[in-house]
Each structure stands twice: as structure tokens, then as C-alpha cells.
Amino acid sequence: MLNQRERTAQKIIHDLFNDLEKSKDSSFKDIQDVLMKVYQKLDDPKIEQAPLVNRLVNYISFTAITKKLKFSSMQNEWIMELSTIGRKAGLNGVYRSDYGDKNQF
């Protein structure tokens, strides 16, 4: 069973994915792919959720900068909430990983 933090992360990812889907902007496709992968992995009790969410936020930030993507205020709020959850990873976050690589998920 998922704890409250993980349910919150899953809900936020679900909402962000659906909101990006509504925009019909294909430039968000890579982010949507990663959101779907992370959403599915959050159900696995063997995977530490905070580092996974931390990598997700790093990926979203990196991709947004490199592709010059603009998020709505609500999307930015969800990303900030995920960032707060991901901060709990502390030193368990990925060190020197390629932020822009979808294969890390």
C-alpha cells in the first residue's frame, strides 16, 4: 500500500500528464512518456519513490530549458510540488546522471 507522500506524487503526476495531454502540444511528448513511466513505477514497493521523483523533476526542468517549453501556472505548481517530494531524496538522488536521458526511468 502506498503511503500519503507517494499517493500525492502519483496524483500530481496523473494531473500533470492529463493537463499536458489536453494541450495537444507535441513538444511535451517526451515529458509525457517519462511521466507515464514514473507513474507506473510508483506502485512498485521495491523502488524508492523520492529519488525517482527527484530524477523526474530534474528531467522536466532540463527538458523545459533545452526545448524552451513554457508551462501553465498550474503545471508549474504541480512541478514545484513534485520538487518538494523529490527533495526528500537527499543524497540518494542520482549523482552525475544525464538529466536529459529518458532511459534513466
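Would you check which residues across the range 9-39 are at positive phi and in contact with a helix residue (DSSP H, G or I) (Cβ under 7 Å, 6 or more places away or on another chain) and list them?
Result: no residue meets the conditions.
Looking only at the range 11-39, filter to residues that are among the hydrophobic types (A, V, I, L, M, F, W, C) and more than 16 Å from V53 (Cβ to Cβ); which one of those is surrounded by the most Cβ atoms within 10 Å (Cβ to Cβ)?
If we take residues in the range 11-39 being among the hydrophobic types (A, V, I, L, M, F, W, C) and more than 16 Å from V53 (Cβ to Cβ), then F28 is surrounded by the most Cβ atoms within 10 Å (Cβ to Cβ).
Confirm whether E21 is free of Cβ contacts under 8 Å to residues at least 12 places away in the same chain, over 19 Å from K88 (Cβ atoms) and of a type in the set (D, E, K, R).
yes
Filter the range 1-19 for residues that are of a type in the set (A, V, I, L, M, F, W, C) and at pLDDT 95 or above and give the result.
Residues satisfying the conditions are I12, I13, L16, F17.
Each row is one residue, and each column tells you yes or no for (1) in a helix (DSSP H, G or I); (2) polar (S, T, N, Q); (3) touching a residue at least 60 places away in the same chain (Cβ under 8 Å).
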position	(1), (2), (3)
M36	yes, no, no
K46	no, no, no
L52	yes, no, no
R55	yes, no, no
Y59	yes, no, no
F62	yes, no, no
K70	no, no, no
N76	yes, yes, no
E81	yes, no, yes
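Scan the range 40-69 for residues that are loosely packed, with under 14 Cβ neighbours inside 10 Å, more than 21 Å from Q10 (Cβ to Cβ) and touching a helix residue (DSSP H, G or I) at 6+ places or on another chain (Cβ under 8 Å) and jot them down.
The answer is K67, and nothing else.
The values are calculated or read from the model by the stated rules, or taken from the named source; none is laboratory data. The structure presented is a predicted model; accordingly, all values stated were derived computationally and were not measured. All Cβ positions, glycine included, derive from the backbone under ideal geometry; neighbour counts span all protein chains shown.
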